[in-house]
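Data first, discussion second: the structure below is written as C-alpha cells.
The values are calculated or read from the model by the stated rules, or taken from the named source; none is laboratory data. Not measured: the values here are computed from a predicted model. Note that we place each Cβ from the backbone using ideal geometry, even for glycine, and neighbour counts take in every protein chain shown. Just so you know, the surface numbers come from the protein's heavy atoms only, side chains and all, with ligands and any DNA or RNA stripped out. Shrake-Rupley method; radii C 1.70, N 1.55, O 1.52, S 1.80 Å.
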Amino acid sequence: MPKQLDSSNIPKHIAIIMDGNGRWAKAKGQDRLYGHLSGVDSVRETLKAAVELGVKFLTLYAFSAENWGRPQQEVEGLMELLVSSIHGELSTMHENGVRLTTIGEVNKLPGACVESLNEAISETANNTNINLVLALNYSSREEILFATRAIAEQVQGNVLNIEEISMDSFENALYTKGIPDPELVIRTSGEHRISNFLLWQLAYAELHFTPVFWPEFRREHLIEAIYDYQRRERRFGKTSEQVISGT
Ligand code: FPP
C-alpha cells in the first residue's frame, strides 16, 4: 500500500470518465484513434493498480450513447479497438481475477463487439479480485427511463404496488443492479462535467478532476485521486460534528 494512503479507507467502487484521448493525440500531431489506442494502455495500468489497491469495482465510461454521433471512422475504430483489446487482454484479465461486466445498451453494439464481450463475461464470471464494469452505449437518462418503464410494468401487472416503489426496487431495475454506488468519480482532461454518467448512482460520490489526459493516466494519478478522496469528509447530509461523533 502506498504510504500516503489509508488502507482501511480505499473506495470500494471507483468510476472513471476517461477523457482527452483526442486532444492528447492532436497535440502530438496524431489522429484521434491513436489517442484511443494509447488509452487502452491507461485502462490496463489503472486496472492493475486498482486490483493492487483493493478496489472492488472499477467502472469505465468507454462509449456513451451520444458517442454514435462522432465521425463514422472514429466510431468504427473504437468498436474494433474494443474487440481487439478484449481479445488481447482476456487471458491477463482472467489471470488477475478480473470479472468483466457491462452497463448500457450493449446488445445494440456491432455483432463482433457483443460476441467478444459475451465471451469475456462468461469466461471471467467466477473471478473475484475486481469487477471491471464497462459502460458501453451508455446513457444514464435512458437507464433511468428503462427502470421507470420496468417498474411501471410491474405495477401494471400487479406484481408491485405503488407504495412498494422504493429506493431498493428502483435500484434493482437499473443496469447497475447489485453494484454498490461509486464513492469516487474521476474525470480526466480538465473537464468538469458528469456527461450523462451514473446520475442516480453518483448522488453522494466524491468528484475528482485531473488535468491529465486519459492516455497519460497511470497508477500515480489513481493514488492521487484516492488520496484526495481520503481527505474529504463525507457527511451524507449530516453536520461535521455528527460525522465526528458518529451520531
Ligand atoms: C474520451 O476521449 C474517450 C472515449 C470516448 C473512448 C474511450 C475508449 C478507450 C480508452 C479505448 C477502449 C476502451 C476499453 C475499455 C478497452 P475523447 O475522444 O472524448 O477526447 P477529447 O475530449 O480530447 O476529444
ask   = Which loop-located chymotrypsin sites (Phe, Trp or Tyr not before Pro) does region 1-61 contain, where loop means any DSSP state but H, G, I, E or B and the Cβ has at most 11 other Cβ atoms within 10 Å?
value = none
DSSP-assigned coil residues among trypsin sites (Lys or Arg not before Pro) in region 1-34, each with at most 15 further Cβ atoms within 10 Å = K3, K12, K28
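What is the ratio of the Cα radius of gyration of region 201-247 to 2.2 N^0.38 Å, where N is its residue count, to two decimals?
Details: Rg = 14.1 Å, N = 47, 2.2 N^0.38 = 9.5 Å.
Normalised Rg, Cα atoms only: 1.48.
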inquiry  = I'd like the distance between the alpha-carbon centres of region 1-52 and region 210-246, rounded to an integer number of Å.
reply    = 16
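Counting only DSSP beta bridges with both residues in region 17-139, what percent are antiparallel, rounded to the nearest 5?
Numbers: 0 of 14 bridges.
In region 17-139, approximately 0 percent of DSSP beta bridges are antiparallel ones.
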task = Decide, for region 57-103, between rounded, prolate and oblate: order the square roots of the alpha carbon gyration tensor eigenvalues as a ≥ b ≥ c, take rounded if a/c falls under 1.5, and otherwise choose prolate if a/b is larger than b/c, else oblate.
result = oblate
query = Rounded if a/c is under 1.5, else prolate if a/b is larger than b/c, else oblate: which is the chain, with a ≥ b ≥ c the root eigenvalues of its Cα gyration tensor?
reply = oblate
request  = Would you be so kind as to identify which of S38, P110, I130 lies farthest towards the positive end of the dipole of the chain, taking Lys and Arg as +1 and Asp and Glu as -1 on Cβ and the Cα centre as origin?
outcome  = S38
query = Hey, what's region 52-202 come to in accessible area per residue, 1.4 Å probe, Å²?
reply = 50
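Given a cut-off of under 8 Å on Cα pairs at least six residues apart, what relative contact order in percent is computed for region 1-127? Working shown, then result.
Values: 99 pairs, mean separation 29.5, N = 127.
Relative contact order here is 23 percent.
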ask   = From the backbone phi of region 82-98, what are the Karplus-calculated ³J(HN,Hα) couplings (6.51 cos²θ - 1.76 cosθ + 1.60, θ = phi - 60°) in whole Hz, Gly and Pro given as x?
value = 4, 5, 5, 5, 5, 4, x, 9, 4, 5, 5, 4, 4, 4, 8, x, 8
query = So, in nm, how far is label L145 from label R219 when the simple model puts each one 7 Å beyond its Cα toward the Cβ?
reply = 4.3
query = Pick from V40, V106, V159: which is most flexible by mean-square fluctuation in a GNM of the chain where alpha carbon atoms under 10 Å apart are linked?
reply = V159
C-alpha center-to-center spacing [region 164-178, region 127-159] in angstrom = 8
ask   = If you place +1 on the Cβ of every Lys and Arg, -1 on the Cβ of every Asp and Glu, and leave all else neutral, what size is the dipole of region 98-247 about its Cα centre, to the nearest 20 Debye?
value = 300
note = Counting only residues 5 or more apart in sequence or on a different chain, those whose built amide H sits under 5 Å from that of I16 are T59, L60, Y61, I186
message = Per DSSP helix of 4 or more residues, -39500 (n - 2.57); summed, then divided by the residues of the chain. What does that give at 222 nm, rounded to the nearest 500?
response = -13500 deg cm²/dmol
request  = Would you mind checking region 28-64 for residues with the amide N under 14 Å from a putative spin-label position 7 Å along Cα→C-beta of N129?
outcome  = 44-58
inquiry  = Need one number: % antiparallel among DSSP beta bridges in the chain, to the nearest 5.
reply    = 0
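Relative contact order for the chain: what percent, with Cα pairs under 8 Å and sequence separation of 6 or more? It would help to have the intermediate numbers written out before the result.
On the way: 365 pairs, mean separation 68.6, N = 247.
Once divided by the residue count of the chain, the mean separation gives 28 percent.
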inquiry  = With a 1.4 Å probe and all protein chains left in place, how much of the accessible area of the chain comes from carbon and sulfur atoms, in whole percent?
reply    = 50
ask   = Top to bottom by accessible area (1.4 Å), largest first, where do D6, D19 land?
value = D6, D19
